[in-house]
1. Can you give me the C-alpha center-to-center distance between segment 133-169 and segment 187-218, rounded to a whole angstrom?
2. Using mean Cβ contacts within 10 Å as the protection proxy, how do 121-129, 218-226 order, highest first?
3. For residue 201 and residue 43, compute 0.36 nm times the residue count separating them, minus their Cα-Cα distance, and round to one decimal in nm.
4. Taking all pairs of distinct Cα atoms, average 1/r, flip it, and tell me the Kirkwood hydrodynamic radius of segment 5-50 in Å to one decimal place.
5. At what distance in angstrom do the alpha carbon centres of segment 84-111 and segment 1-80 lie from each other?
6. DSSP beta bridges in segment 3-199, what fraction antiparallel, as a percent rounded to 5?
7. Let me see the P(r) profile for segment 14-75: every Cα-Cα distance counted, bins of 10 Å, each bin given as a percent of all pairs.
8. When you count, for each residue, the other Cβ atoms within 10 Å and take the mean per peptide, how do 12-24, 181-193 rank with the highest first?
């Protein structure tokens, strides 16, 4: 092999390794974005959360589609009236089981995460929102899309599906079929000042067998899961 050929091979190897490191940096950035979202949700820091979304984002939640930063502002803080750390309230989000796949051009990505939440109201708090249970569980799955905006990763399509909610005393074997705290929207914005831009069918929840569609194929067979 000539010197020129060896140099060309080394350059190609360096470029490949540089791209691999860059992809790992992107995966870390997307994972961190999702985890930081969870920490902000713990403290209902909705102004900080809205800034995590791209200008042309879409948010799917409980049968409502919210578009753009304006839609995000209506959703976060709009339903509960909460905004910021509040004594006596607990919303502990544990986000885990992250699977992040970055597109070849490294400008977009998809991620799947699971969340488990413990929430409630301390017995000393007398002015909590009336529909907030004193103790409750929630479990759900995120299937999100992300975009790199001027070098910064943001949420592009945010799709959180609640799998179950249950009062702590009853447990998930007695999960209600309707949301515990936030009602599914029935009207859109601007008729509903805090409503979504579009209504969609609310996804089923436990005890139905809920499958949030996977953004990835089987890693061994390469086949896509299409349902039973």
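What follows draws every value from the coordinates through simple rules; no lab data is involved. Remember, predicted model here, so these are calculated numbers, not experimental data. Note that each Cβ is placed from the backbone with ideal geometry, even for glycine, and that neighbours are counted across all protein chains shown.
1. What the calculation gives is 12 Å, centre to centre.
2. Values: 121-129: 11.6, 218-226: 8.1.
Packing order, densest peptide first, comes out as 121-129, 218-226.
3. Working: separation 158, 0.36 × 158 = 56.88 nm, distance 2.94 nm.
So the extension gain works out to 53.9 nm.
4. Values: mean 1/r = 0.0769 Å⁻¹.
Radius from the Kirkwood sum: 13.0 Å.
5. Cα centroid to Cα centroid, the span is 9 Å.
6. Working: 43 of 47 bridges.
Taking every DSSP beta bridge with both residues in segment 3-199, the antiparallel ones total about 90 percent.
7. It works out to 20, 38, 25, 13, 3, in whole percents.
8. On the way: 12-24: 10.9, 181-193: 13.2.
Result, highest mean first: 181-193, 12-24.
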